1. So for region 91-99 (the condition being in a strand (DSSP E or B) and within 30 Å of Trp24 (Cβ to Cβ)), does at least one residue qualify?
2. Take the residues of region 27-53 that are acidic (Asp, Glu) and without any contact (Cβ under 8 Å) to a residue 24 or more places away in the chain: which is surrounded by the fewest Cβ atoms within 10 Å (Cβ to Cβ)?
3. Mind checking whether some residue in region 4-14 is surrounded by fewer than 17 Cβ atoms within 10 Å (Cβ to Cβ), aliphatic (A, V, I, L, M) and modelled with pLDDT of 90 or more?
4. Among the aliphatic types (A, V, I, L, M) and under 25 Å from Ser108 (Cα atoms) - does that describe any residue in region 28-42?
5. Would you mind stating whether Phe89 is hydrophobic (A, V, I, L, M, F, W, C), modelled with pLDDT under 95 and surrounded by 15 or more Cβ atoms within 10 Å (Cβ to Cβ)?
Amino acid sequence: MKKICFLAALMVSPTVLANDVIQWWDASATVLHGDDYDLAPSDRQTTITLEVAGGWTYGDGFIFHDFINFNGNNGGDDNSHYGEISPRFSASKILGQPVEFGAIKDMSVALTYEHGDGL
């Protein structure tokens, strides 16, 4: 529940993180509902996806979380969830000057944290 509240706060209030650290951000919410899935554990399901992407002082990042409801067709488990947090740290932004090597215009360290049911 804390994850839902945090993502909802980011999506509803742009001033939550509006300062010099956050340079830009965008958020979206998507609802998908369908039937006759070949690879899903149920024939019918609804998925709500919350996404936030943005640039900040030291790089950029992307966060998403899927909330899946199997609509009572999964033999006991009615819900599941999965999400990722993926920040990237830019050498040019951290050092405050271009980090260039010929055709390479910047170097970044990319990290990903995955969480959800079954992980």
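The values are calculated or read from the model by the stated rules, or taken from the named source; none is laboratory data. Since the model is a prediction, treat every value here as computed from it, not as a measurement. Neighbour counts run over all protein chains shown; Cβ positions are idealised from the backbone, glycine included.
1. no
2. Taking region 27-53 and keeping what is acidic (Asp, Glu), we get 35-36, 38, 43, 51.
Filter once more, so that each one left must be without any contact (Cβ under 8 Å) to a residue 24 or more places away in the chain: 35-36, 38.
On the way: Asp35: 10, Asp36: 7, Asp38: 5.
Taking the candidates together, the pick is Asp38.
3. no
4. So far as region 28-42 goes, no, none of its residues is among the aliphatic types (A, V, I, L, M) and under 25 Å from Ser108 (Cα atoms).
5. Criteria not met by Phe89.
Results for (1) in contact with a Pro (Cβ under 7 Å, 6 or more places away or on another chain); (2) at pLDDT 95 or above, shown as yes or no for each residue.
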residue	(1), (2)
Asp36	no, no
Ile48	no, yes
Phe64	no, yes
Leu111	yes, yes
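To keep it simple, each residue is scored yes or no on (1) farther than 19 Å from His115 by Cβ; (2) assigned to a strand (DSSP E or B); (3) among the small types (Gly, Ala, Ser).
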site: His33; (1), (2), (3): yes, yes, no
site: Tyr37; (1), (2), (3): yes, no, no
site: Thr47; (1), (2), (3): no, yes, no
site: Val52; (1), (2), (3): no, yes, no
site: Phe62; (1), (2), (3): no, yes, no
site: Ser86; (1), (2), (3): no, yes, yes
